[in-house]
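Chemist: Sharing a structure here in structure tokens format.
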Amino acid sequence: MSDPIGDVRGVAPELKAKLEAEGIKNTQQFLERARTAKQRTELAHKVSATPVAIKEIANRADLMRLKGVGGAFSDLLEEVGVNSCKELQHRLPEKLHKTLQEYHQSKKLTHYAPTQAQVTEWIAEAKTLAASSPE
């Protein structure tokens, strides 16, 4: 599934316009153009961003490929230290669910915390998506 590039946290309207001028309108197109460090550096130069900013957006876009993970849940996962599908695949569902619940209760970053079943599904799906995650 692909989301509009403007739905990714860190993509301000100015950056969104520059990415769209490069033909990048959604997260899938972004990931295709930001898979390697070299590609991210080239893209950063073209859109007047830093390679670090492009990597962070790539990580969020990577997480947004998971069923049910949009911009808000990708932010929540990132806030608790899960930056990509490659990293998520190694997490323990029960422990990650507890961490997400606690963070949600203290920060209210999302409308609700994900269920343990959702977290378990995300981890299973991440195992299949990790091979195509950004480097």
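The values are calculated or read from the model by the stated rules, or taken from the named source; none is laboratory data. Bear in mind the structure is a predicted one, so any value in this text is a computation, not a measurement. All Cβ positions, glycine included, derive from the backbone under ideal geometry; neighbour counts span all protein chains shown.
Chemist: Here's a check for you: in segment 1-42, which residue that is β-branched (Val, Ile, Thr) and in a helix (DSSP H, G or I) is farthest from ASN59 (Cα to Cα)?
Modeler: Among residues in segment 1-42 that are β-branched (Val, Ile, Thr) and in a helix (DSSP H, G or I), the one farthest from ASN59 (Cα to Cα) is THR41.
Chemist: Name the single residue, out of those in segment 91-108 being hydrophobic (A, V, I, L, M, F, W, C) and crowded, with 16+ Cβ neighbours inside 10 Å, that is modelled with the lowest pLDDT.
Modeler: Looking at residues that are hydrophobic (A, V, I, L, M, F, W, C) and crowded, with 16+ Cβ neighbours inside 10 Å, I get LEU100.
Chemist: Turning to a different aspect of this structure: I need a count of the residues in segment 109-135 that are closer than 18 Å to LYS67 by Cβ and buried (at least 18 other Cβ atoms within 10 Å of the Cβ).
Modeler: 10
Chemist: Can you work out which of the residues in segment 112-125 that are out of contact with any His (no Cβ under 9 Å at 6 or more places or on another chain) and either of a type in the set (S, T, N, Q) or touching a residue at least 24 places away in the same chain (Cβ under 8 Å) (or both) is nearest to ASP75 (Cα to Cα)?
Modeler: Among them, the one singled out is TRP122.
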